[in-house]
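All of the numbers you see were taken from the coordinates with simple rules; none came from a lab. For clarity, every value in this text was computed on a predicted model and none was experimentally measured. Cβ sites come from the backbone with ideal geometry, for glycine too, and all protein chains shown count toward neighbours.
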Amino acid sequence: MKIFLYPLIVLTFFSTCIAQTTNKNYICKKKAKELWRELADSGRYHDAINILLDSIQTSKQKNKHGTYWHIGQLYACNNEYAFAIEYIKKSTSFFDKIFDREWRLYYNGTIAFLKKDKRKLKICTDKLWNKHSAYYYINACKLKVLNDNFDKPYRLVYNMTCK
């Protein structure tokens, strides 16, 4: 038994060492992701948008939905609500809109805020706030804050805390 155990341990050790090599493409993508957030935090929304759009065009990622959501948020922060809505709509798959009730409410509520549809935003907020999983608690809070501060710009409201 020991004769098999020692070579197995040595083989596992070397496999682990080889597997932990650094992929330069991953580092570049990570830096690009960090850069767009820094630009957005400093108010340079179009620069951040350009980085994200470039990452969509140059990468072979299959799931671009999250990136589209961020682009939509950046347009919303820049008060370009029509573009924001366009990209937010690209961010959600048909499957999520149909089968994920909590995401659908957050998605529709966010679009309602951007379209200045107070009635629809209130409906989505109430439904999500009254029944949400722990996973969607933050989204329920975001919708509640959007609803409570309906007349303020998205950029100011999004970072407010839930009461």
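Numbers below:
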read-out: Only one of Leu114, Leu128 that is closer than 29 Å to Ser42 by Cβ and in contact (Cβ under 8 Å) with a residue 24 or more places away in the chain; value: Leu114
read-out: Failed condition for Asp148, given (1) among the charged types (D, E, K, R); (2) surrounded by fewer than 17 Cβ atoms within 10 Å (Cβ to Cβ); (3) under 14 Å from the mean Cα position of the chain (by Cα); value: (3)
read-out: Hits in segment 39-72 - residues which are touching a helix residue (DSSP H, G or I) at 6+ places or on another chain (Cβ under 7 Å) and either under 22 Å from Phe113 (Cα atoms) or surrounded by fewer than 12 Cβ atoms within 10 Å (Cβ to Cβ) (or both); value: Ala40, Tyr45, Ile49, Thr67, Tyr68, Trp69, His70, Ile71, Gly72
read-out: Among residues of segment 141-162, those that are more than 20 Å from Asn130 (Cβ to Cβ) and either in contact with a Pro (Cβ under 6 Å, 6 or more places away or on another chain) or assigned to a loop (DSSP other than H, G, I, E, B) (or both), counted; value: 5
